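Remarks on the structure that follows.
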Amino acid sequence: MPSSSSSSAPSPHAAPSPHAAPMPRAAPVPRAAQVPHAAPDGAATGDAPPTVPAQAKPHPQPQPQPQPQPQPQPQPQTRAPRARPASEPAATASASLRHPRACVTELRLSAFAGHRGARFPLGAVTLFTGASGTGKSTALRAYQALARLGGGARLAEVFADPVACVPQGARPDAQRRRGFRIGCTADGPAGPVRLDVAVQAEPELRIVGERLSAGGVVLLETALRDPGRRTVQAAWHTGGSAPVTRAPLPDDRLGTALLPLRVAGKTDGQRQVLAAAEQMVVALRSVFACDPQPDWMGVPVPTGSGRLLTGCDNLADVLWRIREECGRRHAALVAALSAGSAGRAGPVVDLRAEPLPDGTVRAVLDRAGGGCTELARLGYGELRYLALALVLLTGPGVLDVDPAGEVPAATQTLTLLADGLDRGLDVRQRAELLRLAVRMAERGHIRCVGAVSDGSWAARTDGVTVVDLGP
C-alpha cells in the first residue's frame, strides 16, 4: 500500500528532549515523542504527521512543485478494497454518509511485537488470516489495547507484559529505553480522525508521545519533556487568540480520553478538538472482545445481571434474560442456531434457560418432535457458534461492555473482536456465522474483526475484508 507524505507539525518553545525530534517549522506546537529504537514518525509506516495550515512558512512559492513520492512499503495482501488512509483528504459530507456512526477504519502497528510499518484496513467485517505466527492475534491484541485506553484504563491495566510488545530486535538507547508505537483511524460524522501513541516499555511503562489529528490539523500532541516527572507536556488546538493551550497530562493515561474533561469548547478550534476526541473515544469504547469457553458454557449458573461475559460462561443467565425481554432477538438466535446445527437430533425450535431447585439456571434446546437437549451435551464447535451468534444479535445492553454513556446507543456501533473466529466450527457453521455477521453489519449497529487460520472461504464474500498476513 503506498504511503503518503505531509510536512511536520511545529514544536514548542522548550528545550529539545531526547524523546522529541527537532521540528523544521518556526511557529510551534509540540511534536509527539519518539520511542527509542521504535519506528519514528513516518519511518515505518510511510506516514508523515499532518500539519497546522495556519502555521505555514511565509516564503512564496511561484509554482507548486510536485512532491516526491516515497517508496511503497511492503504490506499484507487484502482481498477487499482497502480503507482510505486517514492522511488522504476526504470530504466530510461523504465521510458522514459512509460512516454515520463512529467506527475504527484502520489499525496501524508502526512498531508493535512482530509488526513494523503495518497498516490494516478495517471494513464492516474484517478477517485476519495467515499461518501460525504471522501476527493475527497480535493485531487483535493491539486493537483491544487501544479500546481499553480509549475507555480510560491505565497503561499497567492494559499491558500486563509491555516488554512483549516491543518490536523484535529493538535495542535500548543510552538510557536503556525501549518501546512500541500503535495507532488507528476512526471515521464518523467528524470525518477521519487519526490517533498515534508512543509507549515506553522499559525501564518503566509510560506514554511518551500521543498525536490526535483530523483534516490536516494537529489537534493534540503530547511529549515527554522531563523523564523525572510522571507527566507529559500536552498542547491542544484552540484556534482563538492563542493558537494552542498547553498543560501537563498524566503519562499513564490516553490524553485523548481526557480531553472532554479539559477542553471548554468555547472556540471553533476547541469544538473541533472535542468532536474529534469524542468520535475516537466512542469508536474505541464500543468494543467487545469475545472468546467463548465451551467447557463452562453448559454449566448451571446463578441468575445475575444478564450481561454476557467475554468467555460466555454465563450464557444460561443471558438466555433467561433475552427470552423474557426481547422475543424478536431470541427468535433470530433460535433460527441462527437451527441453521448452523447438523440436524441429526432434529431441528431446533427453542432455546431457553431452565430453573433448577438450587436457584441456578441451565440452558437447554427444544427440538422438533418434543426432544430436549442440555446445552452441556452440545459439541465444542456448536457451543462456540451459539455464543458468537448471540453476540452478533445483541447489543451493549446485553454484553459486558462499557460504551460511551453520554452518546445515544442508536448512534454507536459495537465492534466484536474474535480471535480464532473459526476455531472448532465446521464448514456449515462458519459460513452461516459469516452470513449473519455481514447481515447484521449492513444495519450499521455492529462490526466484526476476527482472526481465522484460513480465509480463502471468505475471500469472495461481499461485505468482507480479508487481510492476508501471508504463509
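Some points to look at:
- Residue count, region 234-251 (criterion: surrounded by 17 or more Cβ atoms within 10 Å (Cβ to Cβ), closer than 19 Å to residue 270 by Cβ and touching a residue at least 40 places away in the same chain (Cβ under 8 Å)): 5
- Of all positions in region 330-341, none carries a residue that is of a type outside the set (Asp, Glu), in a loop (DSSP other than H, G, I, E, B) and surrounded by fewer than 21 Cβ atoms within 10 Å (Cβ to Cβ).
- Extreme residue, surrounded by the fewest Cβ atoms within 10 Å (Cβ to Cβ), among residues of region 428-471 that are of a type in the set (Ser, Thr, Tyr) and at pLDDT below 95: 456
- Of note, residue 352 does not satisfy the criterion of being open to solvent by 20 Å² or more (accessible area, probe 1.4 Å), in contact (Cβ under 8 Å) with a residue 40 or more places away in the chain and not in a loop (DSSP other than H, G, I, E, B).
- Checklist (1) assigned to a strand (DSSP E or B); (2) within 29 Å of residue 442 (Cα to Cα); (3) open to solvent by less than 10 Å² (accessible area, probe 1.4 Å) applied to residue 194, failing item: (3)
- Residue pairs meeting the criteria (Cβ under 9 Å; at least 6 apart or on separate chains; first without any contact (Cβ under 8 Å) to a residue 40 or more places away in the chain, in region 162-184; second of a type in the set (A, V, I, L, M)): 163/201
- For residue 322, the conditions (1) more than 21 Å from residue 377 (Cα to Cα); (2) touching a Lys or Arg at 6+ places or on another chain (Cβ under 7 Å); (3) open to solvent by 60 Å² or more (accessible area, probe 1.4 Å) are fulfilled apart from (3).
To keep it simple, each residue is scored yes or no on (1) touching a Leu at 6+ places or on another chain (Cβ under 6 Å); (2) open to solvent by 60 Å² or more (accessible area, probe 1.4 Å); (3) in a strand (DSSP E or B).
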| residue | (1), (2), (3) |
| --- | --- |
| 259 | no, no, no |
| 265 | yes, no, no |
| 270 | no, no, no |
| 274 | no, no, no |
| 277 | yes, no, no |
| 283 | no, no, no |
| 292 | no, no, no |
| 295 | no, yes, no |
| 305 | no, yes, no |
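- For the criterion of being modelled with pLDDT of 95 or more, assigned to a strand (DSSP E or B) and under 20 Å from the mean Cα position of the chain (by Cα), residue 252 fails.
- Selection of first residues in region 447-462 that are among the polar types (S, T, N, Q) and of second residues that are surrounded by 16 or more Cβ atoms within 10 Å (Cβ to Cβ), restricted to Cβ pairs under 7 Å at least 6 apart or on distinct chains, gives the following pairs, ordered by first then second residue: 453/422; 461/434; 461/438.
- Hits in region 125-144 - residues which are outside any helix (DSSP H, G or I), surrounded by fewer than 24 Cβ atoms within 10 Å (Cβ to Cβ) and touching a residue at least 40 places away in the same chain (Cβ under 8 Å): 130, 131, 132, 134, 135
- Note on region 145-169: residues that are surrounded by fewer than 19 Cβ atoms within 10 Å (Cβ to Cβ) and either of a type in the set (Gly, Ala, Ser) or not in a helix (DSSP H, G or I) (or both) total 9.
The values are calculated or read from the model by the stated rules, or taken from the named source; none is laboratory data. Because the structure is predicted, anything quoted here is derived from the model rather than measured. Because the Cβ atoms are built from the backbone with ideal geometry, glycine has one as well, and the counts that use them run over all protein chains shown. Please note that ligands, DNA and RNA were not included when accessible areas were found on the heavy atoms of the full protein model with its side chains. Shrake-Rupley method; radii C 1.70, N 1.55, O 1.52, S 1.80 Å.
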